[in-house]
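Chemist: Before anything else, here's the structure in question.
The values are calculated or read from the model by the stated rules, or taken from the named source; none is laboratory data. Note that the structure is a prediction, hence the values are computed from the model and not measured. For neighbour counting, all protein chains shown are included, and Cβ atoms are generated from backbone atoms with ideal geometry for every residue, glycine included.
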Amino acid sequence: MAPLLQVDNLTIRFPRAEPVRDLSFDIGQGETLAIVGESGSGKSLTALALMQLLPRAAKVASGRIAFGGRDLLKLDAREMRHLRGRDIAMIFQEPMTSLNPVMTIGRQIAEVLKVHERLSGRAASERAVELLKLVRIPAPEKRVDDYPHQLSGGMRQRVMIAIAVACKPKLLIADEPTTALDVTIQAQVLDLLDTLRRELQMAVVLITHDLGVVAQWADKVVVMYAGRKVEQALPGDLFNNPLHPYTRGLLAASPRLKNDFHYRDGALSEIPGSIVSAAGEAGCPFRPRCAQARASCGHHVPQLTVPAPDRLVACPFTSPIKAVPHAAALSL
Amino acid sequence: MSTTDIGTLRGVAAERQIAPIEAEPVAPSSPADPAWSNMKAPDARSQSSSAVAVTNGRRALKVFLSNPNALFGTGFLALVIIIAFIAPILYPDDPLSMVGRPFLWPGQNPDFPLGTDSLGRDVLAGILHGSRISLFVGLTATALGLTFGVLVGSVAGYFGGWIDDALVRLIEIFQTLPSFVLLVVLVAIAQPSATTVTLAIAVISWPTVARLTRAEFRAIREKDFVMAARSLGYGHMRIIFREILPNALPPIIVTSSVMVATAILMESALSFMGLGDPNVVSWGSMIGTGRELVRTAWYLTALPGLAIVFTVLALNLIGDGLNDALNPRFSQDR
């Protein structure tokens, strides 16, 4: 089956920097792809590039974004606008500020239906109630007339999801959808997203820096560092056998690595240094922070290799998979 | 989730990989079955049980109505509006016609409670009819200036770039000219009439609104909900008028009440200088004709002057009240 979305060699350029370089990934119908990486690794810019909503200064310098056989980069503004909200929808990080404060949530949901499905006012408001029901908001008939400030953060994110899935999009981009929510609500919102994905046969691009989210909800994981893909794997492989030194560092830095870990038991391991500027660095972008860095790492950017089926890694010094006892590497 | 044991995550991830995507039964979502709402959304449950807050608009109205100054302003303005409507019924004759002996002081003759002027015209009839022209010019000029100013300001603020540059230059051309001089020139070129005076006042008052609207739009267009609206494929016009403009309205509404007052003052000033419509009585023209007699018959200038003062004061009080009610900086802690 041809992938629903295929991104080839995407490079995003600002006048003085290239925050995303040579990024490729694809996602099949109904699949969940997680993009992980720390702040500044280019995750959100990638999402905005998919929507063609990059900030004015940024340009897609090269690459191809094929969605359902069409190259999004070749569409004009009008065609892209028809696609947005109907075929590709997006959920943002901040549910507190992503809803229009002076419009009732019912009208905000109805609005997108009027624009894309040409529903009449009445039919749209009926659908709005159904959608609120779909995202599990209690008493939706009453809630449609509420303003955003009358809802909690979790409820608002549910409303955002209702708006996003209103036109049954084929692809949903969720840019850190739960970062602003507290932990118990996070799981509920992600559960809801997963249920809707199944019900509506949507593909989901889940952008996150939370490895727990990746393990539970992703079908495929792309690890980004400084605008590049450094590793791609199925979530099980990634957790059992991380190949790239950065991925290993990320996993080691997760709290409660051991059962009953308490902060008094010792400090969490960390990745030294901070994310390097994506501009003007020769060689491997992770080299300054990498424990296994060698002289040759500074010569050129490591190419992605295929060490095993369904895997990609951008580091030449990963030992053959069988030979690395991952537990030892993680000192578990 | 970040506090979960990595070991468990591995298990979860492995399990997920093995299990193929299968259509899970949809959770029951009928309102008749409220059980899930606790399970799936406890946050929602606690919210629905708490008292529902008053909406923005109603809360603002409450603040406005609890302000005695604003209430006085609204009451006085309502009185002026009623007077403007019933003036032709009370005094069906032309207020510019001579009806009695000149220089009757207020109270001297019960037929002319506010006296007569140097030509024997009824002062009370003049003041009542004058409210019509003052309100007409004030409201119409403000409506025109507001419409054009909001259009220019929103387009400039929303699009930015060269469109913004061009429109800001246009605004600056108007703002560098002394506005009252421009007004006098405009009215002098066109024949003075209620229509031309109104248009001229609109021409000199729109740049203020445009600047204000532009500033609001520049701030609001960066908000997350505007980005969300763009991500839903909304067109520019829909984003400008449905998403941003309602959020930019409070300061514009406040300004507009002061604009009405300013327009009334400008019309009076023009009439005072003899540049008003000569066929219509207005408060300004009454002051203008009475100014030479200010030492002998001061009531001829004082009475229409009081009418102007109280009307403008009422509008300013309304403006202050609206500001208190609508300005988010003050309304947050109420």
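Chemist: Residue check: is residue A:309 within 14 Å of chain B (Cβ to nearest Cβ) and at pLDDT 75 or above?
Modeler: yes
Chemist: Filter segment A:68-92 down to residues that are in a loop (DSSP other than H, G, I, E, B) and at pLDDT 90 or above and give me whichever is farthest from residue A:251 (Cα to Cα).
Modeler: A:76
Chemist: Considering only strands (runs of 3 or more DSSP E) fully contained in segment A:1-67, which possess at least 3 residues that are charged (D, E, K, R) and touching a residue at least 60 places away in the same chain (Cβ under 8 Å)?
Modeler: A:17-27
Chemist: For segment B:199-301, which helices (runs of 4 or more DSSP H) that fit wholly inside it have 2 or more residues that are touching a residue at least 24 places away in the same chain (Cβ under 8 Å)?
Modeler: B:245-272, B:283-290
Chemist: Could you list, in sequence order, all residues of segment A:88-112 that are over 17 Å from the mean Cα position of the chain (by Cα) and within 28 Å of residue A:73 (Cβ to Cβ)?
Modeler: A:98, A:111, A:112
Chemist: Could I ask something else about it? Return the only residue of B:170, B:144 being among the aliphatic types (A, V, I, L, M), in a helix (DSSP H, G or I) and in contact (Cβ under 8 Å) with a residue 60 or more places away in the chain.
Modeler: B:144
Chemist: Name the single residue, out of those in segment B:196-213 being over 13 Å from residue B:270 (Cα atoms) and of a type in the set (Val, Ile, Thr), that is surrounded by the fewest Cβ atoms within 10 Å (Cβ to Cβ).
Modeler: In this case the residue turns out to be B:203.
Chemist: Report whether or not residue B:151 is over 14 Å from residue B:263 (Cβ atoms), at pLDDT 90 or above and in a helix (DSSP H, G or I).
Modeler: Against the criterion (over 14 Å from residue B:263 (Cβ atoms), at pLDDT 90 or above and in a helix (DSSP H, G or I)), residue B:151 qualifies.
Chemist: Then there's this: Select, from B:137, B:80, B:152, the only residue that is under 19 Å from the mean Cα position of the chain (by Cα) and closer than 30 Å to residue B:243 by Cα.
Modeler: From the options B:137, B:80, B:152, the qualifying one is B:152.
Chemist: Select, from A:96, A:90, the only residue that is surrounded by 24 or more Cβ atoms within 10 Å (Cβ to Cβ), assigned by TED's automatic domain parsing to the domain that holds residue A:165 and in contact (Cβ under 8 Å) with a residue 12 or more places away in the chain.
Modeler: A:90
Let's see how each residue does on (1) farther than 30 Å from residue B:294 by Cα; (2) surrounded by 11 or more Cβ atoms within 10 Å (Cβ to Cβ); (3) away from chain A (no Cβ under 14 Å); (4) at pLDDT 90 or above:
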| site | (1), (2), (3), (4) |
| --- | --- |
| B:5 | yes, yes, no, no |
| B:13 | yes, yes, no, no |
| B:33 | yes, no, no, no |
| B:46 | yes, yes, no, no |
| B:63 | yes, yes, yes, no |
| B:76 | no, yes, yes, yes |
| B:99 | no, yes, yes, no |
| B:110 | no, no, yes, no |
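Chemist: Then there's this: Of everything in segment B:54-86, what is within 18 Å of residue B:128 (Cα to Cα) and small (Gly, Ala, Ser)? Give them in sequence order.
Modeler: Listed by number, the residues that qualify are B:75, B:78, B:84.
Chemist: Kindly provide the set of residues from segment A:1-20 that are touching a strand residue (DSSP E or B) at 6+ places or on another chain (Cβ under 6 Å), of a type outside the set (A, V, I, L, M), surrounded by 16 or more Cβ atoms within 10 Å (Cβ to Cβ) and modelled with pLDDT of 90 or more, ordered by number.
Modeler: A:6, A:11, A:13
Chemist: Still on this structure, I have one more. Kindly establish whether residue A:194 is within 30 Å of residue A:6 (Cα to Cα), more than 7 Å from chain B (Cβ to nearest Cβ), in contact with a helix residue (DSSP H, G or I) (Cβ under 6 Å, 6 or more places away or on another chain) and of a type in the set (Asp, Glu).
Modeler: It is true that residue A:194 is within 30 Å of residue A:6 (Cα to Cα), more than 7 Å from chain B (Cβ to nearest Cβ), in contact with a helix residue (DSSP H, G or I) (Cβ under 6 Å, 6 or more places away or on another chain) and of a type in the set (Asp, Glu).
Chemist: Oh, and also: Take the residues of segment A:130-162 that are of a type in the set (A, V, I, L, M), more than 7 Å from chain B (Cβ to nearest Cβ) and part of a helix (DSSP H, G or I): which is surrounded by the fewest Cβ atoms within 10 Å (Cβ to Cβ)?
Modeler: A:161
Chemist: Looking at segment A:175-190, can you tell me whether even one residue there is part of a loop (DSSP other than H, G, I, E, B), closer than 30 Å to residue A:221 by Cβ and charged (D, E, K, R)?
Modeler: Yes, segment A:175-190 contains a residue that is part of a loop (DSSP other than H, G, I, E, B), closer than 30 Å to residue A:221 by Cβ and charged (D, E, K, R).
Chemist: Do we have any residue at all in segment A:222-237 that's over 21 Å from residue A:132 (Cβ atoms), part of a loop (DSSP other than H, G, I, E, B) and among the charged types (D, E, K, R)?
Modeler: no
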